[in-house]
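K.L.:
This structure is in structure tokens; I'll ask about it shortly.
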């Protein structure tokens, strides 16, 4: 396991982001989690809240300045758990793009410009910019945007139906239990643990890895072994 690492997290107040932060804090080697939010929130020990205007023109530059400061203390990885989830039907495509591509892209560029090598990106099963389905298409465009930035290590997490999540109705979880493979269920705690495991165990590796349900479950188990 890598020693004395930190993580900068965007979207850490959400369901999946909160699970990832909790799993990171369970690792003794994690010295700090820095959560970037639009509004100040109460934080537990070893979590620092930094308020930035994600819609500002200089959001990438402010992210880079923050990342450089955290990097001065040791290795840092970056995580985006931004996602609209079940509320996406109420968003226009342009609103989705503004958040998923604009905000996440600016955050990723700032982290990369500061020298962060590893980026963990929450996406969705089946994501491709060529899809006829709006949400899947925007997720694919988000992936392409972050991919083009050129991180040394890029881990893309593509969960199916996330259960244990306040945004997932019980009937959807039941339906997901009948669906095998990448479009089926994954518990948000396992998803969060797989993000923490990627950072703790694989940050010094290079290349892109795409993790679907089975791979995330296997990765999460590595953190427990």
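The values are calculated or read from the model by the stated rules, or taken from the named source; none is laboratory data. Quantities reported herein were computed from a predicted structural model and do not represent experimental measurements. Glycine gets a Cβ as well: all are built from the backbone with ideal geometry, and neighbour counts include every protein chain shown.
K.L.:
Given the criteria under 27 Å from residue 217 (Cα atoms), under 17 Å from the mean Cα position of the chain (by Cα) and either at pLDDT below 95 or not in a helix (DSSP H, G or I) (or both), does residue 172 qualify?
P.N.:
On the way: under 27 Å from residue 217 (Cα atoms): yes; under 17 Å from the mean Cα position of the chain (by Cα): no; either at pLDDT below 95 or not in a helix (DSSP H, G or I) (or both): yes.
So residue 172 fails the test.
K.L.:
Follow-up. Would you pick out the residues in segment 186-206 that are outside any helix (DSSP H, G or I) and either under 14 Å from residue 121 (Cβ atoms) or free of Cβ contacts under 8 Å to residues at least 12 places away in the same chain (or both)? Please lay out each step first, then the result.
P.N.:
Within segment 186-206, the first condition is being outside any helix (DSSP H, G or I), and the residues that meet it are 186-187, 203-206.
Result: no residue meets the conditions.
K.L.:
In addition: So if I check each of 7, 20, which one is in a strand (DSSP E or B), under 22 Å from residue 222 (Cβ atoms) and modelled with pLDDT of 95 or more?
P.N.:
Numbers: 20 fails: in a strand (DSSP E or B).
So the residue among 7, 20 that is in a strand (DSSP E or B), under 22 Å from residue 222 (Cβ atoms) and modelled with pLDDT of 95 or more is 7.
K.L.:
Is it the case, given these coordinates, that residue 124 is in a loop (DSSP other than H, G, I, E, B), closer than 21 Å to residue 20 by Cα and under 15 Å from the mean Cα position of the chain (by Cα)? I'd like the intermediate steps shown before the answer.
P.N.:
Numbers: in a loop (DSSP other than H, G, I, E, B): yes; closer than 21 Å to residue 20 by Cα: yes; under 15 Å from the mean Cα position of the chain (by Cα): yes.
Yes.
K.L.:
For segment 58-71, check the following and say yes or no: at least one residue is touching a residue at least 60 places away in the same chain (Cβ under 8 Å) and touching a helix residue (DSSP H, G or I) at 6+ places or on another chain (Cβ under 9 Å). Quick ask: steps written out before the conclusion?
P.N.:
First pass over segment 58-71, keeping only residues touching a residue at least 60 places away in the same chain (Cβ under 8 Å): 70.
Subset that is touching a helix residue (DSSP H, G or I) at 6+ places or on another chain (Cβ under 9 Å): 70.
Yes, that holds for at least one residue.
K.L.:
Tell me which of these residue 113 doesn't satisfy, since it passes every other one: (1) crowded, with 16+ Cβ neighbours inside 10 Å; (2) at pLDDT 95 or above; (3) not in a helix (DSSP H, G or I).
P.N.:
Unmet condition: (3).
K.L.:
Then there's this: Residue 78: part of a helix (DSSP H, G or I), modelled with pLDDT of 90 or more, in contact with a strand residue (DSSP E or B) (Cβ under 7 Å, 6 or more places away or on another chain) and surrounded by 21 or more Cβ atoms within 10 Å (Cβ to Cβ), yes or no?
P.N.:
Numbers: part of a helix (DSSP H, G or I): no; modelled with pLDDT of 90 or more: yes; in contact with a strand residue (DSSP E or B) (Cβ under 7 Å, 6 or more places away or on another chain): yes; surrounded by 21 or more Cβ atoms within 10 Å (Cβ to Cβ): yes.
Answer is no for this residue.
K.L.:
Could you please find all residues in segment 123-150 being buried (at least 20 other Cβ atoms within 10 Å of the Cβ) and out of contact with any helix residue (DSSP H, G or I) (no Cβ under 6 Å at 6 or more places or on another chain)?
P.N.:
Those that are buried (at least 20 other Cβ atoms within 10 Å of the Cβ) and out of contact with any helix residue (DSSP H, G or I) (no Cβ under 6 Å at 6 or more places or on another chain): 139, 143.
K.L.:
Next question. If you take the residues of segment 1-22 that are out of contact with any strand residue (DSSP E or B) (no Cβ under 8 Å at 6 or more places or on another chain) and more than 19 Å from residue 83 (Cα to Cα), which of them is surrounded by the most Cβ atoms within 10 Å (Cβ to Cβ)?
P.N.:
From segment 1-22, those out of contact with any strand residue (DSSP E or B) (no Cβ under 8 Å at 6 or more places or on another chain) are 1-3, 14, 18-19, 22; that's our starting set.
Next, only the ones that are more than 19 Å from residue 83 (Cα to Cα) stay: 1-3.
Working: 1: 12, 2: 17, 3: 10.
If we take residues in segment 1-22 being out of contact with any strand residue (DSSP E or B) (no Cβ under 8 Å at 6 or more places or on another chain) and more than 19 Å from residue 83 (Cα to Cα), then 2 is surrounded by the most Cβ atoms within 10 Å (Cβ to Cβ).
K.L.:
Identify all residues within segment 34-53 that are under 17 Å from residue 106 (Cβ atoms) and not in a loop (DSSP other than H, G, I, E, B); write none if there are none.
P.N.:
Answer for segment 34-53, where residues must be under 17 Å from residue 106 (Cβ atoms) and not in a loop (DSSP other than H, G, I, E, B): 34, 35, 36, 37, 50, 51.
K.L.:
Go through segment 85-104 and count every residue that is in contact with a helix residue (DSSP H, G or I) (Cβ under 6 Å, 6 or more places away or on another chain), surrounded by fewer than 21 Cβ atoms within 10 Å (Cβ to Cβ) and closer than 14 Å to residue 10 by Cα.
P.N.:
Count: 1.
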